[in-house]
1. How many nm is it between the label spots at Gln38 and Glu60, if each spot is 7 Å from the Cα in line with the beta carbon?
2. Find how much the distance from Thr30 to Ala106 grows on full extension, using 0.36 nm per residue of separation minus their present alpha carbon separation; answer in nm with one decimal.
3. Using each residue's phi in the range 41-54, evaluate 6.51 cos²θ - 1.76 cosθ + 1.60 at θ = phi - 60° and report the 3J(HN,Hα) Karplus result to the nearest Hz, with x for Gly and Pro.
4. Which distance in nm do the two modelled labels at Ser21 and Gln118 give, with both placed 7 Å along the Cα-to-Cβ direction?
5. Placing +1 at every Lys and Arg Cβ and -1 at every Asp and Glu Cβ, with all other atoms neutral, what dipole size does the range 21-113 have around its Cα centre, in debye to the nearest 20?
6. Quick one: length gained pulling Ser125 to Asp72 fully straight, 0.36 nm per residue minus the C-alpha distance?
7. Taking the Cα centre of the range 21-113 as the origin and placing charges on Cβ (Lys, Arg +1; Asp, Glu -1), which of Phe113, Ile43, Ser23 is farthest toward the positive end of the dipole?
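Coordinate-derived values only; no laboratory data. Owing to the predicted nature of the structure, the values given are computational and were not obtained by experimental measurement. Positions of Cβ are generated from backbone atoms using ideal geometry, with glycine treated the same way; all protein chains shown enter the neighbour counts.
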Amino acid sequence: PDRSAETQPAPAAAAPRARVSPSVLSPDLTVTGNIKTQGDITIEGTVEGDIRAHQLTIGETATIKGEIVGDDVIVHGRVVGRVRGLKVRLTASARVEGDIIHKTIAIESGAHFEGSVQRQEDPLSNGGTKKLAPPMAD
């Protein structure tokens with residue numbers, strides 16, 4: 001058999017910053033505490049705490065109680081708390097109770113949203129958001 005393929009280095013080894021698949025929190029997982037990653041994450045379960053990621057996807061089965069922050073935030077599920085992102089998208093199945101601070105936003109028809117929307121050039125910085133009311137506790 002031809003073994004030349006085995007001696008070749010893996011293509012990912014040449015690129016130290018290769019695109020990795022997102023971390024996924026399954027629907028039966030409950031996390032109490034904050035989550036922070038430089039990469040991408042998809043949440044399908046329940047998180048009580050703040051989440052910060054590069055690309056953050058809140059799945060249809062997910063419930064988040066806390067602030068979510070990301071460059072690219074896509075919400076299919078429920079978020080009770082503030083959303084901050086350069087690009088924020090609420091899909092038709094989204095339920096958001098809290099303020100949204102964004103650079104660009106898209107809200108699909110059918111999404112449930114209760115709160116204020118504020119556009120900022122740099123929504124990821126903590127400055128300039130003090131005038132917004134904090135999310136209401138359950």
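1. So the two model labels end up 3.5 nm from each other.
2. The span from Thr30 to Ala106 would gain 24.5 nm if fully extended.
3. 9, 10, 9, 10, x, 10, 10, 10, x, 8, 10, 10, 7, 6
4. 3.9 nm
5. Rounded to the nearest 20 debye, it is 240 debye.
6. Between Ser125 and Asp72, full extension yields 17.6 nm more.
7. Of the options given, the answer is Phe113.
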